[in-house]
Every structure is written in C-alpha cells, then in structure tokens.
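In what follows, a single structure is set out as structure tokens and then discussed.
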Amino acid sequence: FATYYYKEIRTPIFEETALFARSMGKSSDVVQKQMLNLAAQNKDDGDAIVLSGLSLRPENTASVVRSYIENRLDKVENLSKLFYCGAQFRGERPQKGRLRQFHQIGVEVIGVDSNLPFIDAEVISLSVNYLKSLGLNKFKLKINTLGSQEDKASFSKTLREKIKPQLSDYCQECQNRFDRNIFRILDCKNESCKKLVAQLELSYDHLSENSQLHFAQVQKALDALDIAYEVDPFLVRGLDYYTHTVFELSDASLGSQDALGAGGRYNNLVKQLGGPEVDAVGFALGVERILLALDEDVKDVPTIAPLEVFIVTLDDESYKKGFEILNTLRQNGVSSDINHKISSMKSQMRLANKTAARFCMIIGEAELKEGVVVLKDMQAGEQERLSVVDLVNKFKS
Ligand code: HAM
C-alpha cells in the first residue's frame, strides 16, 4: 500500500446499526440476515451503558465513509486514498471460508477527483498485484458495470420483466428477492436457479452513453496495465451502494466460497450518508480465504523475518549475562531471542537449529570469566570468540 501511496485508516469495531442499513441497503443479505447487533444491557445492572442500536461491523466501507465525513477529510485533500486491515463480523453458519469473525484487507479511494476510469483501474490493479505478491496466480478477475443509479433502476426493471414469466420456477429465496433485491437472483447458488439465470439474455442497453464510455475506458486502462480480466454481465454484487464498475477475484480451488475479494465504485454513498458530493471506489480481500488459497497454491508461505541470533547459556550466571546482551542486540535492531530454560548444550543447539537463526551465541562459565561470547555461524559452521562490543559492532556493520 505504501508503494501505491495509500494511508492507513482504523475505524471502530462497532458502529450504529443504521449506518450499515443505510449504506449496504436494508434488503441486502448482510443487513437482513448477517448483522450481529449489540443488545441493550439490563438497566438493573446499576449504571451500565446501554448499547442498543449498535452492531459489529460486517464490512469496513460504511465505517470508512462515516469517518471520512465526520473528520471532514474532503477539506484536507482532494483525493483520500485509504487502506485498512481488520476484523469484520457476520452472523453466518460457519463453514470453510465463511466465518463469523473474519478479516479484511481493503482500500477506499474517496474524493472529487475519483470518478476517473484510471482510478478504477488503479484500485483493481492494486488488488490483483497484492494477491500476486503473495504468490497466488490461479485466481480470476471478473468485472462488470452497473451504470449510474438511473441505469441501475432501469436494469432492475428490465430484469423483472425478463424473470417474471418464470418466477414460480425459481427457489423460494429468489421469489422473495424478486421485489426486495432483484440483482441477487443473478448470483443465487441454487442449481435450478443457476440454469434459469444462464438463459437470461443480458445486454448493456440500459446503460447511458456516459456509463458505457466509463466502462470502456476502465477496460482500456486495465489492458494498458496488462491485467487479465473477464467481462461478466451477471456479476452484480449484493450490496446496494455500488454504481458503475464492480469486480470480483475468485479462486476455483476454494470450492463454494471462492471469492478472495471484491469491490467496486460507489459514487452516491458519501452524499447519501450526509457528506459532500464526492465519488468513491474500493475493494476488500478476505484474509482467511487468501490463507486457504495459499495453502492450496503456494508452498513457500511468507512468514516473519527470520531470526538473526539465538542465545544459548549454560548456567544461571551466564543466563543473566545473555539476557543483558539480548536486550543490547534488540536495541540495536538485531532480531534475537534466548532460551529461557537452561538445559544440556545438545538440546539447546537442537532448539537453535529449529529457529533457523543464522547465528547462535553461546555463553558458559569460561566465556563469562573471559568477558567474551562464542558466536557460531550456523550456515558456515564456523565460530569465533568476541567481546560484546565487537559483537554489536559486527551486526551493526
Ligand atoms: P464483500 O464481497 O461482502 O465486500 O466481502 C469482501 C470479501 O470478504 C469476500 O470476497 C470474502 O473474501 C471476504 N468475506 C466476506 N464474508 C466473509 C465471511 N463470512 N467469512 C470469511 N470471509 C468473508 C465488502 O465487504 C465490500 N465492503 C468491499 C468493498 C470495499 N467495496 C467497495 N469497497
């Protein structure tokens, strides 16, 4: 994110329930079925704070927009490029890749200058390059456009006309969605609904010229960035706030929960939540799903930086000295650790090997007397005796 010059934003774990209903839409599946509301506390418990009307956040876009408005970020900069990473909560039936508490890494670009097709392309390329940087390469990018708010309204009218004659053949859930949230019918997982949906002939006729142009330019910008994608007119996304470009990254190896992440443009949300008239676009990736895909795909999962020095001491006095040296090394930026439980040299060396530290530092009675330490290079197998000052200097240089 630093490479793309995005700055971090952290918002609270819970917000007013109304914020989520107003942004994602009252009829979205998340608001209808998956919100985790904080119950009002019993007033009899003394002066307990009443927490009614608040919910654990099911996603972060609404919170970021709330914070953008409240902190008047539009007065600070023309274009706010923000990223986040944090826990989200949805009341789901837990299964592989679908959790009640999960984590998202995402970005939101908000500002007057954001309604440019190149910004959609930047956001999409950031999500793609992020996944690639982790070593994933089998995922697919699908994109689509919903057009402006007016285009969306005319699309939902057309869809209703197309679906109505066969509505009774759709599942009960889809029949409920017909009035409530017609777009959701397009990504129903029910096999017979899928077949019916596949027969619908969708076009982009409902789009205004401007919307068509925006979408064409997004595709050109993606081509220029050499990002592979598939245009999927059936991709609609389940949240109300989207307009124009929407996209999804999916990995077939994950089975039924195959979306690694998704996002899109939401040009009306900031105004709708009481903020200035600015446009926005963003995405969120599911961390646990990325981890599942990495398990399938990548042998060499990135871990924290390897340890440089592991300290082994042979008695109580040398342990105290070792503990002091550990602190000095750490203050000098050398990643280091000590074995806190003194045992035989052999078993401690086994531990040192297990940490895969580059160096093992050993202190025993003799070293303590001489005021030196033994530093063993675990790769080269060589060792030397050094004073603590020389040791620190060696790592500094
Ligand atoms: P979303 O599609 O609801 O979009 O979620 C994004 C990603 O979060 C999903 O693709 C999935 O990887 C992960 N995810 C969602 N629910 C779960 C769950 N129950 N368990 C595990 N992972 C899950 C959003 O949240 C939008 N806020 C994205 C966005 C940002 N649009 C614009 N800006």
Residue match in region 319-326 (condition: in contact with a helix residue (DSSP H, G or I) (Cβ under 8 Å, 6 or more places away or on another chain), modelled with pLDDT of 95 or more and not charged (D, E, K, R)): yes
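Return the residues of region 348-373 that are β-branched (Val, Ile, Thr) and within 14 Å of residue 316 (Cα to Cα); say none if nothing qualifies.
Passing the criteria: 362, 363.
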From the options 298, 281, residue that is in contact with a Lys or Arg (Cβ under 6 Å, 6 or more places away or on another chain) and either surrounded by fewer than 16 Cβ atoms within 10 Å (Cβ to Cβ) or closer than 30 Å to residue 78 by Cα (or both): 281
Strands (runs of 3 or more DSSP E) contained entirely in region 341-397, each with at least 1 residues that are in contact with a Lys or Arg (Cβ under 8 Å, 6 or more places away or on another chain) and among the charged types (D, E, K, R): 373-377
Complete set of residues in region 1-13 that are open to solvent by 90 Å² or more (accessible area, probe 1.4 Å), of a type outside the set (D, E, K, R) and in contact with a strand residue (DSSP E or B) (Cβ under 7 Å, 6 or more places away or on another chain): 5
Criterion violated by residue 80 - all others in (1) outside any helix (DSSP H, G or I); (2) within 12 Å of the ligand (Cβ to nearest atom); (3) of a type outside the set (Val, Ile, Thr); (4) closer than 30 Å to residue 112 by Cβ satisfied: (2)
Close pairs (7 angstrom Cβ cut-off, 6 or more residues apart or separate chains): under 15 Å from residue 128 (Cα atoms) in region 280-298, within 8 Å of the ligand (Cβ to nearest atom) and part of a helix (DSSP H, G or I) anywhere: 282/61
Selection from region 89-99 of residues that are more than 7 Å from the ligand (Cβ to nearest atom) and touching a residue at least 24 places away in the same chain (Cβ under 8 Å): 89, 91, 95, 96
Where a residue in region 52-69 is farther than 15 Å from residue 107 by Cβ and assigned to a loop (DSSP other than H, G, I, E, B) and its partner, wherever it lies, is within 10 Å of the ligand (Cβ to nearest atom) and of a type in the set (A, V, I, L, M, F, W, C), with Cβ under 9 Å and at least six apart: 57/89; 58/24; 58/30; 58/89
Qualifying positions in region 214-247 - outside any loop (DSSP other than H, G, I, E, B) and surrounded by fewer than 15 Cβ atoms within 10 Å (Cβ to Cβ): 216, 220, 223, 224, 230, 231
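How many of the residues in region 86-104 are in contact with a Ser or Thr (Cβ under 9 Å, 6 or more places away or on another chain) and surrounded by 17 or more Cβ atoms within 10 Å (Cβ to Cβ)?
As a first pass, look at region 86-104 and keep what is in contact with a Ser or Thr (Cβ under 9 Å, 6 or more places away or on another chain): 86, 89, 95-98.
Narrowing the set further to residues that are surrounded by 17 or more Cβ atoms within 10 Å (Cβ to Cβ) leaves 86, 89, 97.
Within region 86-104, residues that are in contact with a Ser or Thr (Cβ under 9 Å, 6 or more places away or on another chain) and surrounded by 17 or more Cβ atoms within 10 Å (Cβ to Cβ) number 3.
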Boolean, residue 107 is open to solvent by 60 Å² or more (accessible area, probe 1.4 Å) and of a type in the set (A, V, I, L, M, F, W, C): no
Verdict on residue 309 being under 26 Å from residue 397 (Cβ atoms) and touching a Leu at 6+ places or on another chain (Cβ under 7 Å): yes
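Out of region 133-147, which residues are modelled with pLDDT of 95 or more and either within 16 Å of residue 267 (Cβ to Cβ) or not hydrophobic (A, V, I, L, M, F, W, C) (or both)?
Answer for region 133-147, where residues must be modelled with pLDDT of 95 or more and either within 16 Å of residue 267 (Cβ to Cβ) or not hydrophobic (A, V, I, L, M, F, W, C) (or both): 140, 142, 144, 145, 146, 147.
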Pairs where the first residue, in region 140-167, is of a type in the set (Gly, Ala, Ser) and the second is assigned to a helix (DSSP H, G or I), C-beta under 7 Å, 6+ apart: 147/155; 147/211; 148/211; 156/182; 156/183
Entirely in region 110-200, the helices (runs of 4 or more DSSP H) that have 1 or more residues that are among the acidic types (Asp, Glu), open to solvent by 20 Å² or more (accessible area, probe 1.4 Å) and under 24 Å from residue 219 (Cα atoms): 117-133, 149-163
Top-ranked residue in region 270-288 [being within 9 Å of the ligand (Cβ to nearest atom) and part of a helix (DSSP H, G or I); ranked as nearest to residue 99 (Cα to Cα)]: 288
Test: residue in region 299-314 that is within 16 Å of the ligand (Cβ to nearest atom) and out of contact with any helix residue (DSSP H, G or I) (no Cβ under 8 Å at 6 or more places or on another chain): no
Filter result for residue 72 (open to solvent by 40 Å² or more (accessible area, probe 1.4 Å) and either touching a strand residue (DSSP E or B) at 6+ places or on another chain (Cβ under 9 Å) or touching a residue at least 40 places away in the same chain (Cβ under 8 Å) (or both)): no
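The values are calculated or read from the model by the stated rules, or taken from the named source; none is laboratory data. What you see is a predicted model; the values in this text were computed from it and never measured. All Cβ positions, glycine included, derive from the backbone under ideal geometry; neighbour counts span all protein chains shown. Heavy atoms of the whole protein, side chains included, go into the accessibility calculation; ligands, DNA and RNA do not. Shrake-Rupley method; radii C 1.70, N 1.55, O 1.52, S 1.80 Å.
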